[in-house]
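FYI, it's all coordinate maths here, none of it is from the lab. All of these numbers come straight from a predicted model, not from anything done at the bench. Virtual Cβ from ideal backbone geometry, glycine too; neighbours counted across all protein chains shown.
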């Protein structure tokens, strides 16, 4: 059968290199943008978020950049490690009807770290 | 560990059957959202429950229904199962009124296979 990787964009990097994962979003009204890491067989794990009135936010080894002009979000991972291998999703938080905290997920990117 | 627990973790059902999936939310969280994640895709919003009522719904047919209990735990019910319902079903809990990414906690999901 087909694997997840055949449907997802894949980024292959060497251990120790920096990784940049990109995402385009559609709704300018979103309050927050989030990056999630999802390992095989597990639920999404929060990495970092950024409020819509910011353009950069840094965490531990990760940086998120938001370019509202072109509706583009990126996740930078410094000194990528084998444990970073996973599928990464960007998501927007939207208010939809009566729902708060509805997440709209983008297409994931498979990050493969080569030792 | 997010504190959100889902059961069962894996199950196999036959087309036309009905299934119930369960979710216990993070302590203190009063809102539960359900997502469907097909293989190789990002999670898709099914609906959200707050104060035991449906509080927003995505593009899913009425055979997808849910409940929320006074202790904020929730169930997702799917009737008349179809092969395309095979997916990972994710529960996410949050506290109403919060809107940042780190306030939404996902469970590990329930893998449903329809044969």
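So residue B:108 ticks every box in (1) within 25 Å of residue A:109 (Cβ to Cβ); (2) facing chain A (nearest Cβ under 10 Å); (3) in a strand (DSSP E or B) but one. Which box is left unticked?
Exception for residue B:108: condition (3).
Tell me the residue from B:28, B:40 that is touching a helix residue (DSSP H, G or I) at 6+ places or on another chain (Cβ under 7 Å) and surrounded by fewer than 21 Cβ atoms within 10 Å (Cβ to Cβ), please.
On the way: B:28 fails: touching a helix residue (DSSP H, G or I) at 6+ places or on another chain (Cβ under 7 Å).
The unique qualifying residue is B:40.
What are the residues in segment B:66-105 that are assigned to a strand (DSSP E or B) and free of Cβ contacts under 8 Å to residues at least 40 places away in the same chain, if any?
B:66, B:67, B:68
In the list A:75, A:8, which residue meets the criterion of being touching a strand residue (DSSP E or B) at 6+ places or on another chain (Cβ under 8 Å) and surrounded by fewer than 21 Cβ atoms within 10 Å (Cβ to Cβ)?
The conditions single out A:8.
For residues that are in a loop (DSSP other than H, G, I, E, B) and within 10 Å of another protein chain (Cβ to nearest Cβ), scanning just segment A:40-54, find the one that is surrounded by the fewest Cβ atoms within 10 Å (Cβ to Cβ).
Only one residue fits best here, namely A:41.
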